[in-house]
Amino acid sequence: MIILIVGFITIGDNVTLAPRVHILAHDASMKNKLNYTKIGLVNISDDVFVGAGSIILPGVKIGNNVIIGAGSVVTKNIPDNCLAVGNPARVVGNTNVYLEKNIKEMEHRPVLNEKWTDRNNISTDKKQEMIIKLEDGIGYVE
C-alpha cells in the first residue's frame with residue numbers, strides 16, 4: 001500500500017491512475033470566506049482503475065475492484081465492485097458484469113497482441129491495418 005501527502009491519500013495495491021487524474025485532499029473554495037481550507041482523507045482501495053482526466057475530491061473512499069470512467073468527478077464514496085462514471089460520478093454498474101460483457105465482445109471484435117503497439121515499433125502498414133479493423137467499432141490490444 002502507498003501512502004502519499006503526509007498520510008491524507010492512501011492508494012492500495014494494483015491501482016491504475018490514467019493520465020491527468022487529480023486526487024485532492026484539500027478544498028480551498030471557502031478559504032476567502034471562512035479563512036479555512038476544508039481537508040479530507042482520500043482512500044483508494046485495491047484493484048481500482050481511475051480513467052483519464054478524473055478528479056477525486058477530499059473525503060472520498062473508493063472500494064475494491066472499482067472502475068472509474070474517464071472524466072469522472074468523484075464527490076462521494078464508491079462501494080466495492082462498482083463501475084462509476086460522470087460528473088458527479090454515479091454508480092452505473094457492477095465491475096464483474098462489465099468484465100463479462102467485454103469478454104463476450106472479444107469473441108467478435110479485433111483482439112491484437114503486443115506486436116500491434118508503439119512499444120514494439122508497430123509499422124505504418126500495421127497501423128493502417130489496425131485503423132481498418134477498428135472502423136466499425138472498438139478492439140482490444142495487449
Conditions (1) closer than 22 Å to Ile138 by Cβ; (2) out of contact with any Gly (no Cβ under 6 Å at 6 or more places or on another chain); (3) surrounded by fewer than 14 Cβ atoms within 10 Å (Cβ to Cβ); number of the one not met by Thr95: (3)
Some residue of region 54-64 being among the hydroxyl-bearing types (Ser, Thr, Tyr), in contact with a Leu (Cβ under 6 Å, 6 or more places away or on another chain) and assigned to a loop (DSSP other than H, G, I, E, B): no
Out of Val66, Val85, sole residue that is open to solvent by 40 Å² or more (accessible area, probe 1.4 Å), over 22 Å from Ile39 (Cβ atoms) and either among the hydrophobic types (A, V, I, L, M, F, W, C) or in contact with a helix residue (DSSP H, G or I) (Cβ under 7 Å, 6 or more places away or on another chain) (or both): Val85
For Asp47: the one exception among (1) without any contact (Cβ under 8 Å) to a residue 24 or more places away in the chain; (2) open to solvent by 40 Å² or more (accessible area, probe 1.4 Å): (1)
Residue that is most open to solvent (accessible area, probe 1.4 Å), among those in region 21-39 that are part of a loop (DSSP other than H, G, I, E, B) and farther than 15 Å from Ile78 by Cβ: Tyr36
Unmet requirement for Val66, which otherwise passes all of (1) within 18 Å of the chain's Cα centre (by Cα); (2) over 20 Å from Ile9 (Cβ atoms): (2)
Among residues of region 93-125, those that are hydrophobic (A, V, I, L, M, F, W, C) and in a helix (DSSP H, G or I), counted: 4
Inter-residue pairs, beta-carbon under 9 Å, first farther than 19 Å from Asp80 by Cβ and in region 96-113, second open to solvent by 100 Å² or more (accessible area, probe 1.4 Å), 6+ apart: Val111/Glu142; Leu112/Glu142; Asn113/Glu142
Meets criteria (under 10 Å from the mean Cα position of the chain (by Cα) and either surrounded by fewer than 17 Cβ atoms within 10 Å (Cβ to Cβ) or without any contact (Cβ under 8 Å) to a residue 24 or more places away in the chain (or both)) for Ala18: yes
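The values are calculated or read from the model by the stated rules, or taken from the named source; none is laboratory data. These numbers come from a predicted model, not from an experiment. Cβ sites come from the backbone with ideal geometry, for glycine too, and all protein chains shown count toward neighbours. Note: accessible area is taken over every heavy atom of the protein model, side chains too, but ligands, DNA and RNA are not part of it. Shrake-Rupley method; radii C 1.70, N 1.55, O 1.52, S 1.80 Å.
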